[in-house]
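Report on the following structure.
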Protein chains: 4
Amino acid sequence: MIIVMEQNADEKNVGRVIESIEAHGLKSHIYRGTERTVIGVIGDTVGTGVNGFRSMPGVENVVPILKPFKIASRKYMPEGSVVKVGNVEIGGNEVVVMAGPCAIESDEQLLTIAKSVKNSGAKILRGSAFKPRTSPYEFQGLGEEGLKIMRKVKKETGMIVETEVMDIRDVPMVADYVDILRVGARNMQNFDLLKELGKIDKPVIIKRGMSATIRELMLAAEYIMKEGNHRVILCERGIRTFETATRSTLDVGAVPVLKQETHLPVIIDPSHAAGNRQFVGSLAKAGVAAGADGLLIEVHHQPEKALCDGPQSVTTEMFSELMPQLRAVAAAVGRVIE
Amino acid sequence: MIIVMEQNADEKNVGRVIESIEAHGLKSHIYRGTERTVIGVIGDTVGTGVNGFRSMPGVENVVPILKPFKIASRKYMPEGSVVKVGNVEIGGNEVVVMAGPCAIESDEQLLTIAKSVKNSGAKILRGSAFKPRTSPYEFQGLGEEGLKIMRKVKKETGMIVETEVMDIRDVPMVADYVDILRVGARNMQNFDLLKELGKIDKPVIIKRGMSATIRELMLAAEYIMKEGNHRVILCERGIRTFETATRSTLDVGAVPVLKQETHLPVIIDPSHAAGNRQFVGSLAKAGVAAGADGLLIEVHHQPEKALCDGPQSVTTEMFSELMPQLRAVAAAVGRVIE
Amino acid sequence: MIIVMEQNADEKNVGRVIESIEAHGLKSHIYRGTERTVIGVIGDTVGTGVNGFRSMPGVENVVPILKPFKIASRKYMPEGSVVKVGNVEIGGNEVVVMAGPCAIESDEQLLTIAKSVKNSGAKILRGSAFKPRTSPYEFQGLGEEGLKIMRKVKKETGMIVETEVMDIRDVPMVADYVDILRVGARNMQNFDLLKELGKIDKPVIIKRGMSATIRELMLAAEYIMKEGNHRVILCERGIRTFETATRSTLDVGAVPVLKQETHLPVIIDPSHAAGNRQFVGSLAKAGVAAGADGLLIEVHHQPEKALCDGPQSVTTEMFSELMPQLRAVAAAVGRVIE
Amino acid sequence: MIIVMEQNADEKNVGRVIESIEAHGLKSHIYRGTERTVIGVIGDTVGTGVNGFRSMPGVENVVPILKPFKIASRKYMPEGSVVKVGNVEIGGNEVVVMAGPCAIESDEQLLTIAKSVKNSGAKILRGSAFKPRTSPYEFQGLGEEGLKIMRKVKKETGMIVETEVMDIRDVPMVADYVDILRVGARNMQNFDLLKELGKIDKPVIIKRGMSATIRELMLAAEYIMKEGNHRVILCERGIRTFETATRSTLDVGAVPVLKQETHLPVIIDPSHAAGNRQFVGSLAKAGVAAGADGLLIEVHHQPEKALCDGPQSVTTEMFSELMPQLRAVAAAVGRVIE
């Protein structure tokens, strides 16, 4: 950490900063430039209250040198981590496709879609029983009933299943029904929920918040990992910008940045980014080309009857046509989709 | 609701939309322009799945006419609602100042600050016992211990007290200790938490999410109100933009927009928007001038020792100098700060 | 266009709107809902002053139905337009790679880079003689001297060359030296410059402004095309968002949106979006996978000595390694890079 | 400037950075931390190519310490600069109100509005003869004809007049007709135009670009001042964010930030920020309360007939009611509106 003093800071200001550094058990190093005095702080400053220094008289700026994450950092596992669930490896050479409806609506609906996407090559079935809806007047999901349907479809198809958990009180129940738990974008900084997910023994997909920086996404993963659960998968799903032609703006650059900074698998959700099924295929291919380890795609056999996110759900036909294209792109970048 | 058909939509497409409208118990009205066919939907469409129409073949766009909120709407209470708590009225002629530290740190700290801000004219004491921190390595708050301190300080000073609740499981406990509960920006769309807060009998301050639209803030309020608790106060605290000179960008325009669209009281948090105590006064004055019903200001007697948000906390001295200026601005716009 | 009246609009309000519609030479159609009156406007409303209606008493909202662009619209040329320059076709089956330094620095620099990128497969040489720099204290480009160097290198290598024009007074001179003129992001809405470029007989690349919507980019193209020059190429180069891990956020979703709405070729500039050469390759591959018709990549043989944009320039070695990967991705999506 | 080396940078990397620093005529200072080596650069680094260092092998980050602006900096004139034009001082104790129509439409229109706003207390008449319109099909302004009207109205009313200049070739002509020239938001980084305005002897208002940072606005001012014209006035007019309830988001926090960083007068344009006349008054009051030195307000006597920006133009009646409120707010913050 480097502390930049104001131009007119005096020796007393500098002295108080030095004292404070030492009070934190750290060492300091003063460097006097022509216009400013700069103080280097030696030692592990993560969690030592950078803000404290920023508040001191005469301090203009505090520049952190070390990254604020530890377990999520690439340095922690330079070769990259692979999250295994059943016979599927996320973060390995395969690009894993997860597909299914936005919301679980009925036995028949989920089973129809599951069979179709499995047939096209999806390895994991997505589907939500709890829906975070902007308006309280919209369909809120089937709840535990939906999870029972998911368990049944899992048995019939042999697919790995994943679903969203919203309420911290539901974590044990949801973990009982499914293979992978998902944290939605709106809950990315619901820290109590993250901590609870750190205590279970199931992989967790954490979606980037609509206005979360890449750094904040990594720190959210750190919340989970710090509690002991290291099987975390990061998901870029588009950020909120001024552009409205798509529902969100897919930050495809987040893929190479995350792969450099962290060892965790990174997947792309092209459906929420696009908000329109016409654009989902292009975004999915872009994600694979950029190096994503997986995709999370909304598929519905009758999108116009979907209770949620119909406009952005590709049809089962579109999905079956998209998969060979994704396979080709994966191969072009040295990866595989089986 | 108005449904705009694509230019090349045919009669079959139009027919299916009409059928679907009628299946929702609504009426339709067709209007054929020179280039497009447009279908008007007559009846209450809120919660009927606008998305469904958007997914149908031949549909280009769906334009909602009615606002999606009901109880929060200005139409519900055109004269504006006043939230009473103890002897204070929020939303009346008085501009209510809430002040105190970011985090409750100790008996002595809270009491010192409380006495000082009360003396300067603050009516309500703010202070958090549970802190949502971006990094798991930062101070997470004193928890219930902090709430006990707050109760003690409330007794000694007679101030009304408010604090943040993060974990849905803590709602009853927190409601037991304090007068007003606060939902932080990161939890604005934690819908389960909102529903729980709709069932208690204490006022709730809901802060706008960093990337939440004004409309989404109103819908979040609607989640609380729909469960029965109508004592909701909206708080603008800055949104996330590309500008980094301030921590967030205070959307002061949200004040007149919210006052027009909703009957709920609207307050401003200049501290989180500024992120730097030098700018807090200007933002606070701007908020009052724009028509805010209250202010939520972070104050600390020793900001350089604060465990949280030190840089944006004004000192007790700065606060006592700011209050007369705020009184003058309030008077200039026909309001009062006692 | 649809005009939505306020709930409490009276007959006089409606009457004045109808009068105004007719005064514009358009026809109207009234539709009375349960809560609102809605007025449909029949006829070509582009350029008739939508704002005028929005200002009338009793009007709540004005919803345009028709798109505001004409010549740039896909409808104008459904099969897509191909911009030919020399023996290269942009917008055809080939994905055209344009590469070269940010700024032209010297004979030797440009020639070295040109030979290298040509050898790797680039068809078009980029390089700027006029540099829009945020600070007046930074290198502003070699000016006409740079263009002379570019002409010399063009002769020696046979490459097609492109450069930026900033000052409207320089348009004829720049058009004299190079094959393609480029409008930078900061000038996307310099409308006088656009009009001037509409009068020349050279293709124009127009880069999306940092905060420009896709719709505004198309309208900027319309400014050029309206004057007669239809050889316009659109370039997505990243938009400004809150994320700072990359210099800009590449809006890869703009590619399918633009390909749907307009007939113009769409290229991607991964260099300015990335701001860091480590991420350029991933973004370039993502762009090709999403359907871009070309790439504009900054390459330098000695980036640490570059007078401009060194950090985001890939080395000539990196570029020669990237090209085969781009070829593979292009092939995967049914396109070709020779 | 501080150069942070990568964790695994070796002595050769460090050596090359040191060499490069010395080659720039600067001095270096090495500081070796436990995890990183950090190199301090001593001397004036503005304009020396920070990017160059960022591109060198082993360099992780470059942190500038000095601000990149010189003449615009507060340090250059700590007491603040006052721009005098006629008998009006902008940047002094008075808050100067500039008002008038978006576009000059006719003799009668401009004269009617001018008389009315003058009567209400406006000192300066605004009005544009050249209009930057997003679409080429919208009204582009009367051109020189409009400037002649403005000159006539200036004579009749004695008001100071200001207008926008868009085309660099028009600078001398526009400077001949009016007292103050305005650079619109879309041209804030049209650097050639800025340089030209640096050579004239008339004050220049420069509006912040829709996605420009405060720092970039100051650097745009620096472009003008560097050429010799120091009479520059900065204008905050709202930035582009995800929120659409207002046309732009007024960044009222820019006022105290700019007043701290620069000595230049700062004014607020509440009209373009609001985009809706209902919200203009609140934003204007907020601007004055935050410390603005002036306001730029769009006023029209018949907004529903305005050729431009009708929805955001307040009526002459609204303006005459607003002025006493603005006077009261100005007085509350120790300023005056005559």
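Every number in this text was worked out from the coordinates using simple rules, so none of it is lab data. Note that the structure is a prediction, hence the values are computed from the model and not measured. Note that each Cβ is placed from the backbone with ideal geometry, even for glycine, and that neighbours are counted across all protein chains shown.
Summary of values
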{"quantity": "For residue C:12, inter-copy label distances in nm, listed shortest first [label point 7 Å out on the Cα-Cβ vector]", "calculated": "5.2, 7.0, 8.6"}
{"quantity": "Highest-first arrangement of B:19-29, C:203-213, where packing means the average Cβ count within 10 Å", "calculated": "C:203-213, B:19-29"}
{"quantity": "Label distances, nm, residue C:336 versus same residue in remaining copies, Cβ-directed 7 Å point", "calculated": "3.0, 7.9, 8.3"}
{"quantity": "Nearest-to-axis residue of chain D, judged by beta-carbon position, where the axis maps D onto C, in Å", "calculated": "D:211, 2"}
{"quantity": "At 7 Å out from Cα toward Cβ: residue D:111 inter-copy label distances (nm, ascending)", "calculated": "6.8, 7.5, 8.4"}
{"quantity": "Cα-based helix-to-principal-axis angle, A:214-226 vs chain A, degrees rounded to 10", "calculated": "80"}
{"quantity": "Nearest 10 degrees, 0 to 90: helix C:144-157 Cα axis against chain C principal axis", "calculated": "70"}
{"quantity": "For segment D:163-310: lysine pairs under 16 Å (alpha-carbon distance), excluding those fewer than 8 apart on one chain", "calculated": "5"}
{"quantity": "Expected-Rg normalisation [2.2 N^0.38 Å, Cα atoms] applied to chain C", "calculated": "1.14"}
{"quantity": "Mean residue ellipticity (222 nm) of chain D, computed from DSSP H runs ≥ 4 via -39,500 (n - 2.57), nearest 500", "calculated": "-10500 deg cm²/dmol"}
{"quantity": "Between helix A:316-332 and chain A: long-axis angle, C-alpha atoms, 0 to 90°, nearest 10", "calculated": "50"}
{"quantity": "Given charges at beta-carbon only (K, R positive; D, E negative), |dipole| of segment A:83-332 in Debye", "calculated": "220"}
{"quantity": "Selected from D:130, D:242, D:279 as most flexible by GNM, with chain D as the system and alpha-carbon contacts under 10 Å", "calculated": "D:242"}
{"quantity": "P(r), alpha carbons of the protein assembly as shown - 10 Å bins starting at zero, rounded %", "calculated": "2, 8, 17, 22, 23, 18, 8, 1, 0"}
{"quantity": "Within segment B:117-155: backbone nitrogen closer than 19 Å to the residue B:106 label point (7 Å, Cα to C-beta)", "calculated": "B:117, B:127-130, B:139-154"}
{"quantity": "Highest-MSF residue in chain C out of C:228, C:92, C:15 [GNM, Cα springs under 10 Å]", "calculated": "C:15"}
{"quantity": "Sparsely packed trypsin sites (Lys or Arg not before Pro) within segment C:293-338, loop by DSSP, other Cβ within 10 Å at most 16", "calculated": "none"}
{"quantity": "For segment A:2-63, convex hull volume per residue from C-alpha positions, Å³", "calculated": "68"}
{"quantity": "Sequence-distant aspartates and glutamates (8 or more away, or on other chains) whose Cα lies within less than 18 Å of residue A:155", "calculated": "A:105, A:107, A:108, A:144, A:145, A:176, A:179"}
{"quantity": "GNM flexibility winner over chain C from C:273, C:284, C:245 (Cα, springs under 10 Å)", "calculated": "C:245"}
{"quantity": "Segment C:1-15 residues near the modelled residue B:7 label - backbone nitrogen below 19 Å, point 7 Å along Cα→Cβ", "calculated": "C:1-2"}
{"quantity": "Approximate spin-label separation residue B:67-residue A:278, in nm, with each point projected 7 Å along Cα-to-Cβ", "calculated": "3.2"}
{"quantity": "Descending semi-axes in Å of segment A:216-298, equivalent ellipsoid built from Cα gyration tensor", "calculated": "24, 13, 11"}
{"quantity": "Under the Karplus curve 6.51 cos²θ - 1.76 cosθ + 1.60, θ = phi - 60°, whole-Hz ³J(HN,Hα) for segment C:118-131, x wherever Gly or Pro sits", "calculated": "5, 4, 7, x, 5, 9, 10, 9, 9, x, 10, 9, 10, 10"}
